[in-house]
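Read through the structure below, which is laid out as structure tokens, and then see the notes.
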Amino acid sequence: MTSNGPQRINRLLSRKDAATFLTELGLAISAQTLARLFCEKKGPMCMRVGSRAMYRERDLIEYLRQQCSAPRQSSGEPLQPASNDHLPFPANDRGDLGA
């Protein structure tokens, strides 16, 4: 059995599973917070499948990337966007995320 990264990244997750997924990656978040962020148009992309809110893994990874800053030595340093080498999922390692 082979595991293909791009196929896995295209999986749909329930809101609860999406919260668990992000938390396991280091962004502690609850399903309720994801729901609130969706209503405020601030969270990861979400779609409806029937009556359920569902999230694609690739959208969750992209949301995590947007929440990351570059490393700093102190809180006095200004926040800078993280470059690809500081992120858990480099842009060139995300499979077919454009599809």
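Read the figures in this text as sums done on the coordinates, not as results from a lab. Fair warning: this is a prediction, and the values are worked out from it, not measured in the lab. Don't worry about glycine lacking a Cβ; one is built from the backbone with ideal geometry, like all the others, and counts go over all protein chains shown.
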Taking R0 as 41 Å and r as the Cβ-Cβ distance between F38 and Q73, the FRET efficiency 1/(1 + (r/R0)^6), rounded to the nearest 0.05, comes to 0.70
Distance in nm between Q66 and S14 label points, each 7 Å along Cα→Cβ, equals 2.5 nm
Given backbone amide H placed at 1.01 Å from N, residues whose amide H is under 5 Å from that of I29, ignoring those fewer than 5 places away on the same chain, are T23
